[in-house]
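First comes the structure, then the notes that go with it.
Bear in mind these aren't lab numbers, they're just calculated from the coordinates by the rules spelled out. Quick caveat, the model's predicted, so the values are computed rather than measured. No Cβ is skipped: glycine too gets one built from the backbone with ideal geometry, and neighbour counts run over all protein chains shown.
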Amino acid sequence: MQSQMSILTEMAEDLTHNSEIFNRTERLLGAEAMEQLRHARVIIFGVGGVGSWAAEALARTGVGHLTLVDADRVAVTNINRQAEATVATVGEVKVEAMARRLREISPDISLALRAERYTAATAGNFSLEQYDFIIDAIDALADKSALILHAASLQGPGFASSMGAALRIDPTRVKVAEFWKVQGCPLAAALRSRFRRSGIRPRRKVQCVYSDEPALPNLGDAVADDGAMTYNKAAVNGSLCHITAVFGMNLAALAVRHIIGA
């Protein structure tokens, strides 16, 4: 008798070679848009609470290639909000755990995994001009500012950046605005101050996902996970899945709209 595992494997193989996985997407967007998505290349910097959900949404929508960039490993404290984080993946390299999840969703997806950190010093290692869209879901201020300046200097790829998603509880306060028009976000204010002091500003407009909800205070004690040490975070802030996921979904929406010209 055929085992349940072999039956599931055969079903997955059958689905790989037909369009049923993305049928509902194609019914909404059309065949031409599906081809554009299938040939699109998107790079995501940071696959944590925001970037992991952006990656999952893009895979479920039919984007053909994703490059995932994150130097971190899954920590226990990630489980409350990150798509790839479960008790079974604690300790795994995040981009590898995320890749396994994405391949279970979209078996034909092309993935490039970069378990490394983006910084001003490593910027030259990333050929961003080869992508259709760049997503910034980096936490560290210095790295984030470097990526914004880098991505905004390119004319070809679309680009969107996540502002601070921590310390919020109301998903209806999540919005999209151009970087210099973001209001009520301490991270955006810190970035703008950094750019003004340096005299170097983004060369083009940058769409940002942010929340205008006033940041709440942290309560209780924090457990420093690997990410806090890897990225030298100034603070370990409380955050919730229903907020970080909404941020990620908005970033995915900006990418899809850019790719299909909507």
**Asked** Each residue of the range 29-44 in turn: what ³J(HN,Hα) in whole Hz from Karplus with 6.51, -1.76, 1.60 and θ = phi - 60°, glycine and Pro shown as x?
**Response** 9, x, 5, 5, 5, 5, 5, 5, 5, 5, 8, 6, 10, 10, 10, 10
**Item:** Within the chain, helix-based [θ] at 222 nm, where runs of 4 or more DSSP H residues each add -39,500 (n - 2.57), nearest 500
**Value:** -11500 deg cm²/dmol
**Prompt:** For the residues Cys185, Cys241, what sequence is obtained by ranking on other C-beta atoms within 10 Å, fewest first?
**Reply:** Cys241, Cys185
**Prompt:** ³J(HN,Hα) across the range 118-123 via Karplus (A = 6.51, B = -1.76, C = 1.60, θ = phi - 60°), whole Hz, x for Gly/Pro?
**Reply:** 8, 9, 4, 6, 9, 4
**Request:** For Leu240, enumerate residues with amide H under 5 Å from its amide H, sequence gap 5+ or separate chain, H modeled in the peptide plane.
**Result:** Leu167, Arg168
**Asked** Tilt of helix 51-61 relative to the longest C-alpha principal axis of the chain, in degrees (0 to 90, nearest 10)?
**Response** 40
**Item:** Ascending count of other beta-carbon atoms within 10 Å, so fewest first, for Ile134, Ile200, Ile259, Ile21
**Value:** Ile200, Ile21, Ile259, Ile134
**Complete:** Amide H neighbours of Thr67 at under 5 Å, excluding residues fewer than 5 places away on the same chain, with H built from the backbone geometry, are Val42, Ile43, Ile44, Ala112
**Against the rule of thumb 2.2 N^0.38 Å, how large the Cα Rg of the range 30-260 comes out** = 0.95
**Complete:** Residue by residue through the range 131-142, the couplings from Karplus 6.51 cos²θ - 1.76 cosθ + 1.60 with θ = phi - 60°, in Hz, x for Gly and Pro, are 9, 7, 8, 10, 10, 9, 10, 7, 8, 5, 4, 5
